[in-house]
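Engineer: My questions all concern the structure below.
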Amino acid sequence: MTTDARPPRSTPHLPPPAQRTPQLPSPAQRPEPAAAPAPAPPPPAPEGPADRLRSALDLIDPGPVLPNTRISPTVSGPRPPAIPPLPAVPPRPLLPPEPLSDEPGPLRPVPARRPGRLAAAAVCVVLGAGLVGGAAAGTWLDDDSDGPAARSTYTAARDLWHSVPVDTLFPRTIRGAGAGPGGADRQWTRIGVAPDGDCADALDPLLLKVVEPVGCARMLRATYTDATASSVTTVGLVFTSAEPAAMTALANRFSTQKLGDRTDLLPRPYAVKGSDAASFGDKQRASWTVRVLTDAPVVVTAVSGFADGRAVLAPQSAEEATVDGASGPVAEAGLGHDAKGIADTVERGLRKKVAAGPEPAP
């Protein structure tokens, strides 16, 4: 094994070059020397100029390591840094250790809640529960529309057609403040009342089929003319035999399916002989409205036309003929306002009478 270590700066004294030992045989050729104690190195001699020159040359090229030359254990170069001893007390961690837990949620301690926030949260919960409860109670009340009070009101309203004077249901004169086109005042005068009867002759066949689920107990009609005697209108009250649930279902059907806008679902007029409405027939129907009440077993109808008996090829519903900017002969003549205004007044009078209850017997 070859040792690649340089001798220290102070090397032992070597013999002169002339007296150097010749090349020795290899270790395999020479005999095994007897073990002998190593002699003590001679004291270093004072260095002269030649010795200093030899020491400098040795630093550059020390040459081969001679046998039996003692190598100093000192190794040139910086020493590795010493390993610091372990501290007596382990260092304190930056964060406290988190305990192991099988429970979900944060493992670090949660700061305590402020009392103000807890109170605000409690108030919000109470208010939310109140709103939900109110909505649920409203739904239950709506679902209980067939209760005893509603049935009693319906029973009383169903008998109004023969227990109330005709002038109460159909006033002789109807004044409509702002009920005409452009907010003009209108006035209508009753010119005839039809005998009470069934709905077969008062409604178109398809409209009769639509109201069949609520049943037609009685049909009352009256015909009015305006102050200029240029238009005529027949208003009708269909008293049904239905309960609140059936009337609500029919009203929802009219609303969702827009049955009130269909020209094949029109009420029929009542022509009064010897009056301005003498020629008021099916072909003269110009505008109409059909309303299904839910607080009374009644369907309100109204249909209007020209008093001169002209036929109308394109009738318009009252809702369509009364909107702002509506055009055409029907809308411009105010026939939609006639049907709507008279129906509004008759409906209000009926509701008022139902709310007042039956009159006491004399």
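The values are calculated or read from the model by the stated rules, or taken from the named source; none is laboratory data. Note that this is a predicted model, so its numbers are computed, not measured. Here Cβ is always computed from backbone atoms with ideal geometry, including for glycine, and neighbour counts include all displayed protein chains. Quick note on the areas: whole protein, heavy atoms, side chains included, nothing else; ligands and nucleic acids left out. Shrake-Rupley method; radii C 1.70, N 1.55, O 1.52, S 1.80 Å.
Engineer: Contact list please: Cβ distance under 6 Å, first residue in the range 297-320 and under 28 Å from CYS216 (Cβ atoms) and open to solvent by 10 Å² or more (accessible area, probe 1.4 Å), second residue small (Gly, Ala, Ser) and at pLDDT 95 or above, pairs at least six apart or on different chains.
Structural biologist: VAL312/ALA286; PRO315/ALA286; GLN316/SER287
Engineer: In this structure, does GLU359 turn out to be of a type in the set (Asp, Glu), modelled with pLDDT under 95, open to solvent by 70 Å² or more (accessible area, probe 1.4 Å) and under 27 Å from GLY182 (Cβ atoms)?
Structural biologist: no
Engineer: If you go through the range 173-184, how many residues are loosely packed, with under 12 Cβ neighbours inside 10 Å and either under 49 Å from the mean Cα position of the chain (by Cα) or among the acidic types (Asp, Glu) (or both)?
Structural biologist: Step one: of the range 173-184, the residues loosely packed, with under 12 Cβ neighbours inside 10 Å are 173, 177-178, 182-183.
Applying the additional criterion that residues be either under 49 Å from the mean Cα position of the chain (by Cα) or among the acidic types (Asp, Glu) (or both) yields 177-178, 182-183.
Here the count works out to 4.
Engineer: Determine which single condition ALA229 fails, assuming it passes every other condition in (1) in a loop (DSSP other than H, G, I, E, B); (2) in contact with a strand residue (DSSP E or B) (Cβ under 8 Å, 6 or more places away or on another chain).
Structural biologist: (2)
Engineer: Could you tell me whether any residue of the range 256-263 is among the charged types (D, E, K, R), part of a loop (DSSP other than H, G, I, E, B) and within 27 Å of ALA184 (Cβ to Cβ)?
Structural biologist: No - not one qualifying residue is present in the range 256-263.
Engineer: So, one more: Here are GLU319, GLU332: which of them is within 46 Å of the chain's Cα centre (by Cα) and closer than 20 Å to THR225 by Cβ?
Structural biologist: Working: GLU319 fails: closer than 20 Å to THR225 by Cβ.
Result: GLU332 is the single residue among GLU319, GLU332 that is within 46 Å of the chain's Cα centre (by Cα) and closer than 20 Å to THR225 by Cβ.
Engineer: A follow-up question, please. ASP338 is checked against (1) of a type in the set (Asp, Glu); (2) within 17 Å of LEU259 (Cα to Cα); (3) crowded, with 21+ Cβ neighbours inside 10 Å and fails just one. What number does that condition carry?
Structural biologist: (2)
Engineer: Of the conditions (1) of a type in the set (A, V, I, L, M, F, W, C); (2) assigned to a strand (DSSP E or B); (3) without any contact (Cβ under 8 Å) to a residue 40 or more places away in the chain, ALA217 fails just one. Which one is it?
Structural biologist: Of everything listed in (1) of a type in the set (A, V, I, L, M, F, W, C); (2) assigned to a strand (DSSP E or B); (3) without any contact (Cβ under 8 Å) to a residue 40 or more places away in the chain, ALA217 misses just condition (3).
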